[in-house]
Structures are given as structure tokens and as C-alpha cells.
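Q: Before we start, here is the structure in question, set down as C-alpha cells.
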Amino acid sequence: MTARKIIIDTDPGQDDAVAILLALASPEDVEVLGITAVAGNVPLELTAKNTRIVCELAGKVDVPVYAGCDRPLGRDLVTAEHVHGKTGLDGPNLPDPTMPLQDQHGVDFIIDMLRSNEPGTVTLCPLGPLTNIATAFQKAPDIVERVQEVVLMGGAYFEVGNITPAAEFNIYVDPEAADIVFKSGVSIVVMPLDVTHKALVTKPRNDAFRALGTPAGIAVAEMTDFFERYDKEKYGSAGAPLHDPCVTAYLIRPDLFSGRHINVEIETSSELTMGMTVADWWGVTDRPTNALFIGDLNADGFFDLLTERLARL
Ligand code: RIB
Ligand code: CA
């Protein structure tokens, strides 16, 4: 089977980093056409820098990296240094990147790739706020029907909010962008907190990363050691939730995941519930289905896949 063409849109972020490493370690499954950085966990300058740090950690310096939007569509940027640290990639001590940032804007790269590849052959994988994706859809509406699928990390239903009582961070940062994407008609697979909070890096799992003894394995273990603080303190979790790697793992082994095709709409009016993903999990409305909302995963299978692929780097 030919590798699936993907564009990763990201705001590294330790969990973004692991998602990118998993993709770059799996060329038989995914062909990474390029990676676009977006402002989110930390400002754009840092997410664009961190993306290149991760590509160099993977030894994949030929992957083109683009800077996208530096702020949400209609509101001030909210960042998450309290979770990811000042650099956004706190934990390991990784060298500054030497690979260049592409001159083209990330949004224009997304548009060009969708127009130059056969319709239905490029998957978009947003791991941060949906600003770049929504901007591309607004600037070039013709590309929406050319997208194979959007597989994104964001939102929640049973887990409700992680940045406010009601909203998950990626959707909260740019709810207007999320509203555009969820109403666009594009085929969407959602990895919400409901499933990512089940992908916890317990100590044995993190020990397995470290035991790889490779720069990538050790760096992932060190990222997780830092990244887990927030969720352990807040939720009493058994380890860091690997939110974004659920997106990449789904592309490689969709059988590890399960969910429901439901309606998902975004709160964009009330400040109290701004950015909430109103997911009709129980089918109590007649709103049209617009997303495959993932609720569960085979966690051991997920970590076996991740550890096996990281060992390749
Ligand atoms: O809420 C978790 C999401 O927000 C993850 O993508 C994390 O990297 C941050 O972007
Ligand atoms: Ca992210």
C-alpha cells in the first residue's frame, strides 16, 4: 500500500514533537509533504524553531518546514508555557536548528499542496489551534473538497476542558478557526481529550523510551518527564497524556482506535464556554454528522507501535 501523503500542522509542544517523530519514523505509512508551524503552545517563532529541532532530532532535515499564522483569527493568542515550559520543548537539552525555515507562508504551502496533488490524496494533520487550516480554507475555498481527510487533535466531550472548565486548548485558542473547519464539510477525524487522556506515559512506558538509548528515545523520555507535571498535578494522572501522537498513530494503525460518527459544533459566542466542542455523542439532536469522534484506544498497542517506531530513528 502506498504511503499516505500528509501535512502536519503543529505547535510544538512536547507531545507535538512525539507525533512528528512517529510520522518521520514511518515512511512506509506516511509521506510527510511538509510541516507548518502555528502559534499555540508558545509563540510562532518558537513553534517554527521547535519543529526544526524535532526534524533534526529525527535526522530528517529534508522535510520542508514553514511558518504559518502567528495569532488566532479573531482574538489574542493564549499560550501554554505553564504546561510546556518557556521554550515549548522543555526537558531535553537539544541544539538550535541549522536547517532553514522555508520562505513561503505555511498557509500558501497548504493551498499549493492541495491544488498540485490529486484530489482526495492529501491528509491534513492539525496538532494545534486550527488557524492555519481555517485561513487556507478561507483564502482558497476550492481546496476544501480536495482534502482527503482532516485528522486533528482537539476538543473533548466526557473530559470537558483542560484550559478552561469547558474547553480543550487547541480549540479554545482559536474557536473561530475551529468553527470554520468543522462547518466546512471536510471529512474530519477528531482525537479529543476523551481518548488522549487514555494514552498515558506511565513509568514503565517512559522507561522503555529511555531504554532505546538513542538520542530520540532519550529526548522523548526527557520531554515526558517534564511534560507530565501538569497533568499529574491537575488530574492525578499516571503519566503524561500523549495527545498529538494519537493523530499520527491513527494514520498508521486506525484499528487501535474506536469512536462514533457524530455532530460536533464549536461554541464561539459565550465567554463562559468559549471553544467548547459540543459533541452529540448520544445522538440527542438531528444535527448533521460531521466528524468521527474517537473515544477509546488500545493503549498498549499504541505504546508498542510508538516505541518500535522511535527505535528506528
Ligand atoms: O490540549 C492538548 C493540545 O494542546 C495538544 O495538542 C498540546 O500540544 C496543545 O497544543
Ligand atoms: Ca499541539
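Q: Return the whole-Å distance between the Cα centroid of the stretch 139-156 and the Cα centroid of the stretch 16-67.
A: Rounded to whole Å, the Cα centres lie 19 Å apart.
Q: Kirkwood Rh over alpha-carbon pairs of the stretch 60-208, then Stokes-Einstein at 25 °C and 0.890 mPa s: what D in µm² s⁻¹, rounded to an integer?
A: Reported coefficient: 144 µm²/s.
Q: On a 18 Å Cα-Cα criterion, which of the cross-link pairs 198/234; 49/86; 198/232; 49/232 come out too long?
A: Long pairs (Cα-Cα over 18 Å): 49/232.
Q: Here's a follow-up. Go ahead and set up a Gaussian network model of the chain, Cα springs under 10 Å, then flag whichever of 231, 103, 296 fluctuates most.
A: 103
Q: Determine the per residue accessible area of the chain with all protein chains present and a 1.4 angstrom probe, expressed in square angstrom. Show your work: numbers first, answer last.
A: Numbers: 11950 Å² over 313 residues.
Accessible area per residue: 38 Å².
Q: For the chain, what % of the accessible area comes from carbon and sulfur atoms, probe 1.4 Å? Please report the intermediate quantities before stating the final value.
A: Numbers: 6130 of 11950 Å².
Answer for the chain is 51 percent, counting heavy atoms of protein chains only.
Q: Over the stretch 42-185, calculate the relative contact order: mean separation of alpha carbon pairs under 8 Å at least 6 apart, over the residue count, as a percent.
A: Reported relative contact order: 24 percent.
Q: Which of 202, 47, 277 moves the most in a Gaussian network model of the chain with Cα springs under 10 Å?
A: Looking only at 202, 47, 277, the biggest GNM fluctuation is shown by 202.
Q: Are there trypsin sites (Lys or Arg not before Pro) in the stretch 82-152 that DSSP marks as loop and that have at most 16 other Cβ atoms within 10 Å, and which are they?
A: 86
Q: Straight-line reach only, C-alpha to C-alpha below 19 angstrom: list the lysines that residue 183 could link to, leaving out same-chain residues fewer than 8 apart.
A: Cα-Cα hits under 19 Å: 139.
Q: Let me ask something else. Rounded to the nearest 10 Å², what accessible area does residue 205 have for a 1.4 Å probe in the complete protein model?
A: Rounded to the nearest 10, the figure is 50 Å².
Q: Considering the chain as a Gaussian network with a 10 Å cut-off on Cα pairs, which listed residue, 106, 236, 13, attains the greatest mean-square fluctuation?
A: Residue with maximal mean-square fluctuation among 106, 236, 13: 236.
Q: Roughly how many whole Å is it from the C-alpha centroid of the stretch 175-239 to that of the stretch 75-134?
A: Centre-to-centre distance over Cα atoms comes out at 17 Å.
Q: Still on this model: Expressed as a rounded percentage, what relative contact order does the chain have, with Cα pairs under 8 Å and six or more residues apart?
A: Computed value for the chain: 20 percent relative contact order.
Q: Quick one, can you get me the convex hull of the C-alpha atoms of the chain expressed as volume per residue in Å³?
A: Value for the chain: 119 Å³ per residue.
Q: Expressed as a rounded percentage, what relative contact order does the stretch 95-180 have, with Cα pairs under 8 Å and six or more residues apart?
A: Taking the mean separation of contacting Cα pairs over the length of the stretch 95-180, I get 30 percent.
The values are calculated or read from the model by the stated rules, or taken from the named source; none is laboratory data. Since the model is a prediction, treat every value here as computed from it, not as a measurement. We place every Cβ from the backbone using ideal geometry, glycine too, and count neighbours over all the protein chains shown. Note: areas computed on protein heavy atoms with side chains; ligands, DNA, RNA excluded. Shrake-Rupley method; radii C 1.70, N 1.55, O 1.52, S 1.80 Å.
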